[in-house]
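The values are calculated or read from the model by the stated rules, or taken from the named source; none is laboratory data. From a predicted model like this one, the values you see are computed outputs, not experimental measurements. When we count neighbours, we look across all protein chains shown, and the Cβ atoms used for this are built from the backbone with ideal geometry, even at glycine.
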Amino acid sequence: MGKSNAENDSTKDATVDIEVPDTAHQISTDSWFQVAFILTTGVNSAYVLGYSGSIMVPLGWVGGVVGLVLATAISLYANSLIAKLHEHGGVRHIRYRDLARHIYGRKAYALTWALQYVNLFMINTGYIILAGSALKALYFLFRDDDQMKLPYCITIAGVACGMFAISVPHLSALGIWLGVSTILTVIYVLIAVVLSIKDGIQSPARDYSIPGDGASKAFTIIGSSASLVFAFNTGMVPEIQATIREPVVKNMMKALKFQFTIGLLPFFLIIFAGYWAYGSSTGTYLLNNVTGPVWVKSLGHISAFLQAVIALHIFASPMYEFWDTKFGIKGSALNIKNLSFRFMVRGGYLIFNTFVAALLPFLGDFMSLTGAISTFPLTFILANHMYLVAMGDKLASSQKLWHWFNIVLFSMASLAATIAAIRLIVVDSKTYHVFANV
């Protein structure tokens, strides 16, 4: 399609006869390759520096490897189901909640939007925590004191994220920033992997046993399953797919295949290298484990910080689109009115994110709870049920049974993971205080 929003809003494309909903943001202009890099940026974001500790340590080699491989396959499958429904019923469903309303009705719209909002809010809060943690780690490379506390670093990170959000009007406008993000990702992945391998070669035998015992160990293992699905968090496939040019479904499938093949190479490399090098002592921020030249580690921390700022913008874009469309913010991004609106609304949103991040800076807890209460329902349960309802009698009995099996299985997994995540938060609340300098 490749038209401006003024031409697209609430009209039908004469060629494909697909209705395009009204939106203040740009749609149908990006190549599948750019969209693939948006997806890859999300999965290889600076969060990946924590997966050796949050996934591999609780699960061990067998559970971690098998879990990651299964999560990869299941996530690709579920995302493909949503992608195939993008033009269902002659309408482009450019928002996840719009697709839910089309299939189920108004109540499902509100519920899906609530789940998605919680999902994205917690992801964005986690990015600010992660960026703040990188700044704190950078500070400690040069100063051996406690003057720069984590809440201060989180505040600085929040300001940086706010400035970026005001400067970049919508998802398609990331453009060159996706290239910058890729370079930053390569930098911290290479640094973490190379230094981990160096440490692993020089270190004595590591302990790979799963920490804990009894009920504590069982809850930790269950909770880590939520971290597994969080790692592939794509609870905004329709919003990302809205930016891709025709043919929409075909191009999105190309982007997804790129994300879950070539795009996952650095993801697996850093997770396995980190766990191999440090075993059960691997922390939730891998660059705190590695040893090496100060300037190299500094470069890793700076890269992680900057990449987190860019990645946050991707996962905050559905909220930005909602506000911009609701209040009719269109036209030049440099228009004073538009700049003022982004400054107040996006700035206010990120101020609240930053406050919550500083209040409860437990990164692992965010990942587990987000995966349990929102990623499981959005990515797996709803994806299978939406496809089942939308396709109806077009599916064979065996296909319907398969989708129902997935719905029941992931509903049970979501419930178990939620209980485990809440328990983890309760345990951590006894260890850490609010605005903790962890």
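Scan the range 38-51 and tell me whether some residue there is farther than 19 Å from Phe376 by Cα, hydroxyl-bearing (Ser, Thr, Tyr) and modelled with pLDDT of 90 or more.
Checking the range 38-51: at least one residue is farther than 19 Å from Phe376 by Cα, hydroxyl-bearing (Ser, Thr, Tyr) and modelled with pLDDT of 90 or more.
Would you pick out the residues in the range 126-145 that are within 22 Å of Ala421 (Cα to Cα) and modelled with pLDDT under 90?
Within the range 126-145, just Gly126 meets the criteria.
Looking at Ile329, Ile271, Ile336, Ile373, which is the one that is at negative phi, free of Cβ contacts under 8 Å to residues at least 40 places away in the same chain and aliphatic (A, V, I, L, M)?
From the options Ile329, Ile271, Ile336, Ile373, the qualifying one is Ile336.
Sort out which residues of the range 1-36 are surrounded by fewer than 21 Cβ atoms within 10 Å (Cβ to Cβ), modelled with pLDDT of 85 or more and not in a loop (DSSP other than H, G, I, E, B), and write them in order of number.
Trp32, Phe33, Gln34
Phe268 is checked against (1) buried (at least 16 other Cβ atoms within 10 Å of the Cβ); (2) modelled with pLDDT of 90 or more; (3) aromatic (Phe, Trp, Tyr) and fails just one. What number does that condition carry?
Failing condition for Phe268: (1).
So Ile210 fits all but one of (1) surrounded by fewer than 17 Cβ atoms within 10 Å (Cβ to Cβ); (2) part of a loop (DSSP other than H, G, I, E, B); (3) of a type in the set (A, V, I, L, M); what number is the exception?
(1)
With of a type in the set (A, V, I, L, M) and either more than 22 Å from Thr379 (Cβ to Cβ) or in contact with a Pro (Cβ under 8 Å, 6 or more places away or on another chain) (or both) as the only criterion, which of Leu111, Leu85, Leu120, Leu130 stands out?
The conditions single out Leu120.
Sort out which residues of the range 190-207 are in a helix (DSSP H, G or I) and loosely packed, with under 12 Cβ neighbours inside 10 Å, and write them in order of number.
Ile201, Gln202
Right, Thr325: crowded, with 18+ Cβ neighbours inside 10 Å, part of a helix (DSSP H, G or I) and touching a helix residue (DSSP H, G or I) at 6+ places or on another chain (Cβ under 8 Å) or not?
no
Within the range 74-126, can you find the residues that are over 26 Å from Glu246 (Cα atoms), surrounded by fewer than 22 Cβ atoms within 10 Å (Cβ to Cβ), touching a residue at least 60 places away in the same chain (Cβ under 8 Å) and not hydrophobic (A, V, I, L, M, F, W, C)?
Tyr104, Tyr117, listed by residue number.
Does the range 141-188 hold any residues that are under 25 Å from Ile270 (Cβ atoms), buried (at least 22 other Cβ atoms within 10 Å of the Cβ) and under 20 Å from the mean Cα position of the chain (by Cα), and which are they?
Ile154, Ala157, Cys161, Leu174, Ser181, Leu184, Thr185, Tyr188
Here are Gln307, Gln241, Gln259: which of them is modelled with pLDDT of 95 or more and among the polar types (S, T, N, Q)?
Within the list Gln307, Gln241, Gln259, the selection yields Gln307.
Please specify each residue of the range 228-256 satisfying the condition of being under 15 Å from the mean Cα position of the chain (by Cα) and part of a loop (DSSP other than H, G, I, E, B).
Across the range 228-256, the qualifying residues are Phe232, Asn233, Thr234, Gly235, Met236.
Just the residues that are surrounded by 17 or more Cβ atoms within 10 Å (Cβ to Cβ) and at pLDDT below 80, please, taken from the range 331-371.
Of everything in the range 331-371, those that are surrounded by 17 or more Cβ atoms within 10 Å (Cβ to Cβ) and at pLDDT below 80 turn out to be Leu360, Pro361, Phe362, Leu363, Gly364, Asp365, Phe366, Met367, Ser368, Leu369, Thr370, Gly371.
Pull up the range 241-263, narrow it to residues that are hydrophobic (A, V, I, L, M, F, W, C) and surrounded by fewer than 19 Cβ atoms within 10 Å (Cβ to Cβ), then point me to the one that is farthest from Asp98 (Cα to Cα).
Per the stated criteria, the residue is Ile262.
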